[in-house]
Amino acid sequence: MRKFDKSPGQAILEFVVILPIVLLLIMGTFELARAFSTRIVLLNAAREGAYYLTNHSSDGVNCGSSCYGQTILTVQTEAANSGINVAPGDVTITGCCTVGNPVQVRVNHSVNLSIYSFFFGPFQISGTEWMVVLK
């Protein structure tokens, strides 16, 4: 019986055809994991800001959205601890500051995912947290 002979060129050609697809899948997996990680960091930062604001409601009393300095600093510090820099303009605070009323802290951030950004530009990720003002 004669064994089937495969030429070495066929194996190389199959490898060259499959390699870009496999690399694209691997890169996509890493980028998706990075996007989910960023979302978790933003959620934690928004939660920390809402928690701070519920316990220090005087930070935003009678001065509108420009007076939440310490709350925004708390959000930025929490995000920076995980390696993400959040600009003060990326933090939105609404619904403050009466006892029993909910407060919402929203953090937006642009992420450049290499595959997605190549075709569509930066990818927007946000984290939002609601809490009730306690004091």
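The numbers here are math on the coordinates, done by the rules we state, and not lab data. What you are looking at is a predicted structure, and each value in this text was computed from that prediction instead of being measured. Don't worry about glycine lacking a Cβ; one is built from the backbone with ideal geometry, like all the others, and counts go over all protein chains shown.
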What list do you get for HIS56, HIS109 if you sort them by fewest beta carbons within 10 Å? HIS56, HIS109
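Sorted from fewest to most neighbouring beta carbons within 10 Å, what does the list THR128, THR38 look like? Before the final figure, lay out the partial values.
Values: THR128 15, THR38 21.
Starting with the residue having the fewest Cβ neighbours, the order is THR128, THR38.
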With each label point set 7 Å from Cα along the Cα-Cβ vector, what nm distance links LEU19 and GLN70? 5.9 nm
